[in-house]
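What follows is one structure encoded as structure tokens, with my remarks underneath.
The values are calculated or read from the model by the stated rules, or taken from the named source; none is laboratory data. Nothing here was measured: the structure is a model prediction, and the numbers come from that model. Every residue, glycine among them, receives a Cβ derived from its backbone with ideal geometry; neighbour counts consider all protein chains shown.
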Amino acid sequence: MKSKNNELVENIRHSLAHIMAEAITSKHPDVKLGIGPIIENGFYYDFDFSAEDHSPSEDKLPKLENFMRELIKQNIKFEREEITAAEARKIFANQSYKLEIINELEQTGEKISIYKSGNFIDLCAGPHVASTKEIDPNAFKLTKVAGAYWRGSEKNKMLTRVYGIAFSNKQELDDYLKMMEEAEKRDHRKLGKELDLFSFHQEGPGFPFWHPKGTVLYNELKNFIRKENEKRGYGEVMTPIMLKKDLWVTSGHWDKFRDDMYFSKIDEEDIAVKPMNCPGGMLIYKDSMRSYRDLPLRYSEFGLVHRHELSGVLHGLLRVRAFTQDDAHSYCTQEQLNSEIINMVDYAIDIYKTFGFNEYEIFIATKPEKHIGENDVWELATNALIQSLQEKNLEYRIKEGEGAFYGPKIEFNIKDAIGRNWQMGTIQVDLSMPARFGAEYTDKDGSKKTPVMVHRAILGSLERFIGVLIEHYTGAFPLWLSPIQVKIIPVGEKFNTYGEKVLNVLKENEIRVEIDSSNESLGKRIRAAKTQKIPYILVVGEKEQESESVAVNARDNEKQETLLLSDFMRLCFPPPWHEIG
């Protein structure tokens, strides 16, 4: 349930979208209006300008802001009125996008309402503030101008979208802008390039290209989860990346998820590139006769999936068209369902804490409009999630209608180092897909029963999780994750041989290490290594060579310390992380 303060802030944001539209239409009466909803921390409005030079550029946003402040100070009232479709068509006769919405509302039988504010009228369900008196004119800012397809479809016209942020007071706005400045420094796209982790190319839009250092990071993360899965009794599986249309019809994806999938043909048969791993997992489950003694049966899969994301929403590693999920599916009895969910919840929280995400929010996302399965099945699945969280005494909120099409889910939102929330792992209870596939197990009495399928991903997308980690750590990864853990820098050319000796000793102990014996100055090489955020820089010269020691510059310590090489390994890479010989 939303607090009154949250409701007020949302109403302020929605009202500012209308104020912005009023400001623009007063200058450009022939502009066609799209929609103006609230979004996280703000709002936007879509416009179709008759002339290209009418479209606001980002350098003109401050002028538009000032005009909006003038309107706010006029204490304009927001007045709602319900009208008929015929009346709505008359009011918006010259607004093609509004007419499209009116037709849809009429067909579905939904109420049609408008909001009047000053000289502006908009088709809107609301709610809004009572008047602009409730809006602090110094607590909002227009942030950017972007292109957006009408209704998010590439088949439709590209509109001009103007974004804004808004809060209840100026201090909240200032705090948010300060956080955004910090977020810009942490942008994973910028750091990814600086640290030589990954890149994107026009030849594969939306598909990440992993460089050697990024691949180390990717594999270390994958190996970590693999070991954690093994501790918890998961058997790892692999399923094909392309599967026949019939499979996706059975699973429900063909009807409910087809617009987000890629297709091809093999031997004149329709084939889909998998957007999810679960249908392939169902085929593995069905490949053998199952008994109640086999359950719960837990399979994990690092499954590469592809989804057709629109180009306008692609965003570095955070929104890509191909990604690997740390996916898993547990097949269990209804009696085992509660304990399986609790185990997964505990697993997820443990993993997030390992990475320093100690603050999190939990949501239960319920039945969406597009779904498979009957209401009683959804109710049973949703209650199982609720009961499990209540048994753990964990607080949660409800996201109405935001579940997967095959079942309700628990969502984990983690908070990063600068206070931003990221939606991460999910736990989904599925009572529909096993029945659609005819999956069974033999119960104690010899009867055939349908198992419950619990889907879970903790990191979610490895690509997205790495993007979040880069921003959370500002690229300064923990020692175990760092692509390069040690950089050796000889003081001069005559100490390169000793530097190579140190390099080989560290490599023999499976430490990820590089040497910089270039002709650059010592200071420049040290600065370059620090820019790469390497945990340990070892400087070696005459004194170190004679004593078989290293001058240690730790990333988190300004003071240089000289240690015997054996002591450095013992203190900085102690067992059991590595058995030092």
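Determine whether segment 54-61 contains at least one residue that is over 19 Å from I12 (Cβ atoms), in contact with a Gly (Cβ under 6 Å, 6 or more places away or on another chain) and either assigned by TED's automatic domain parsing to the domain that holds L177 or part of a strand (DSSP E or B) (or both). Scanning segment 54-61, I find no residue that is over 19 Å from I12 (Cβ atoms), in contact with a Gly (Cβ under 6 Å, 6 or more places away or on another chain) and either assigned by TED's automatic domain parsing to the domain that holds L177 or part of a strand (DSSP E or B) (or both), so the answer is no.
Considering segment 48-65, the residues that are polar (S, T, N, Q) and within 34 Å of the chain's Cα centre (by Cα) include one that is modelled with the lowest pLDDT, namely S55.
When G356 is tested against (1) assigned to a helix (DSSP H, G or I); (2) more than 16 Å from the chain's Cα centre (by Cα); (3) surrounded by fewer than 16 Cβ atoms within 10 Å (Cβ to Cβ); (4) of a type in the set (G, A, S), only condition (1) is not met.
The test for being surrounded by fewer than 20 Cβ atoms within 10 Å (Cβ to Cβ), at pLDDT 95 or above, of a type in the set (K, R) and farther than 24 Å from Y176 by Cα does not hold for K27. Say we look at segment 245-264 and pick out the residues that are surrounded by 13 or more Cβ atoms within 10 Å (Cβ to Cβ) and in contact with a strand residue (DSSP E or B) (Cβ under 6 Å, 6 or more places away or on another chain); which of these is farthest from K370 (Cα to Cα)? Among those residues, the one meeting the criterion is F263. Pairs meeting the criteria (first residue in segment 7-21 and in the same structural domain as Y115 (by TED's automatic domain parsing) and in contact (Cβ under 8 Å) with a residue 40 or more places away in the chain, second residue among the acidic types (D, E) and surrounded by fewer than 20 Cβ atoms within 10 Å (Cβ to Cβ), beta carbons under 7 Å, at least 6 apart or on different chains) are I12/E134. If you take the residues of segment 191-218 that are in contact with a helix residue (DSSP H, G or I) (Cβ under 8 Å, 6 or more places away or on another chain) and in a helix (DSSP H, G or I), which of them is nearest to L479 (Cα to Cα)? Out of the qualifying residues, it is L217.
Check segment 446-457 and report whether any residue there is outside any strand (DSSP E or B), hydrophobic (A, V, I, L, M, F, W, C) and under 25 Å from the mean Cα position of the chain (by Cα). There is no residue in segment 446-457 that is outside any strand (DSSP E or B), hydrophobic (A, V, I, L, M, F, W, C) and under 25 Å from the mean Cα position of the chain (by Cα).
How many of the residues making up segment 370-429 are crowded, with 20+ Cβ neighbours inside 10 Å and among the basic types (K, R)? Qualifying residue count, segment 370-429: 1. So how many residues does segment 87-99 have that are touching a helix residue (DSSP H, G or I) at 6+ places or on another chain (Cβ under 9 Å) and surrounded by fewer than 13 Cβ atoms within 10 Å (Cβ to Cβ)? Total satisfying the criteria: 1. Looking at segment 25-36, can you tell me whether even one residue there is of a type in the set (A, V, I, L, M, F, W, C), under 30 Å from F363 (Cβ atoms) and in the same structural domain as G147 (by TED's automatic domain parsing)? Checked against the condition, which is being of a type in the set (A, V, I, L, M, F, W, C), under 30 Å from F363 (Cβ atoms) and in the same structural domain as G147 (by TED's automatic domain parsing), segment 25-36 yields at least one hit.
Within segment 71-85, residues that are assigned by TED's automatic domain parsing to the domain that holds P127 and in contact (Cβ under 8 Å) with a residue 40 or more places away in the chain have Cβ atoms under 9 Å from residues that are assigned to a helix (DSSP H, G or I) and aliphatic (A, V, I, L, M) in these pairs: L71/I19; L71/A23; I72/L16; I72/I19; I76/I19, counting only partners at least 6 apart in sequence or on another chain. The combined condition, being in contact with an Asp or Glu (Cβ under 9 Å, 6 or more places away or on another chain) and assigned by TED's automatic domain parsing to the domain that holds A348, is fulfilled by E228. Each residue in segment 265-303 was checked for being touching a residue at least 60 places away in the same chain (Cβ under 8 Å) and surrounded by fewer than 14 Cβ atoms within 10 Å (Cβ to Cβ), and 2 of them qualify. Against the test of being at pLDDT 95 or above and within 36 Å of the chain's Cα centre (by Cα), the options R89, R69 yield a single qualifying residue, R69. Yes or no: segment 103-110 includes at least one residue that is in contact with a strand residue (DSSP E or B) (Cβ under 7 Å, 6 or more places away or on another chain) and either of a type in the set (D, E) or closer than 29 Å to G475 by Cα (or both). Checked segment 103-110: no residue is in contact with a strand residue (DSSP E or B) (Cβ under 7 Å, 6 or more places away or on another chain) and either of a type in the set (D, E) or closer than 29 Å to G475 by Cα (or both).
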